[in-house]
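What follows is a set of notes on a single structure, which appears directly below.
The values are calculated or read from the model by the stated rules, or taken from the named source; none is laboratory data. Not measured: the values here are computed from a predicted model. Calculation scope for accessible area: heavy atoms of the full protein, side chains included, ligands and nucleic acids excluded. Shrake-Rupley method; radii C 1.70, N 1.55, O 1.52, S 1.80 Å.
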Amino acid sequence: MREGDEITLSRDCKAIEIPAGFWTTLPKGTKVRVHQALGGTTTVIVQGGGSMVRIAAEDADALGAAPPPRAAASGGAGSVAELVEQELRTCYDPEIPVNIVDLGLVYDRRLIPMPDGRTDVIVEMTLTAPGCGMGDIIKEDIERKLAALPGVGDVSVEIVFDPPWDPSHMSEAARLELGMF
């Protein structure tokens, strides 16, 4: 799928309304236009209503696509730290086509070796705006993806607002992608 593709849903499909973060169901036959398909999720604009929603990877078939392979799973090798970093780069704000690491939302990652050989992961992050309704959705996405990594035990994502996010936290690549140079 590419940005701008127009698709008719082949079945009823759960989706999350953006930016509110509420669940909804789009009925079979709904026409949508792809806004972005990144990190395993697809953000679409519902035609006729203009609302923006995010469709999860497990519902990609409703869009006529297969779920994309997980980034860390496709490589398979690497330390837990490398896999965590790789997987964090597959997490996106559904409105912004830049991963949360390059967007500067991830402030810290702590890896804690456990006696059972697994590694617990704590991620400290922020949001582009304190009132973002998608904060819990992004947090759950990160926790789910990191918990599925080999060697990872418990995962905790903490959302903080100090220091507040601003565009200076973005990587140079993110600023170029968004035309902010």
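Just to confirm, what accessible area per residue do you get for the chain at 1.4 Å probe, in whole Å²? Before the final figure, lay out the partial values.
Working: 9150 Å² over 181 residues.
Spelled out: the 1.4 Å probe surface of the chain, per residue, equals 51 Å².
In Å and whole numbers, how far do the C-alpha atoms of segment 1-137 stretch along each principal axis, longest first?
53, 33, 24
Mind jotting down the three principal axis lengths of segment 1-71 based on Cα atoms? Whole angstrom, largest first.
33, 23, 21
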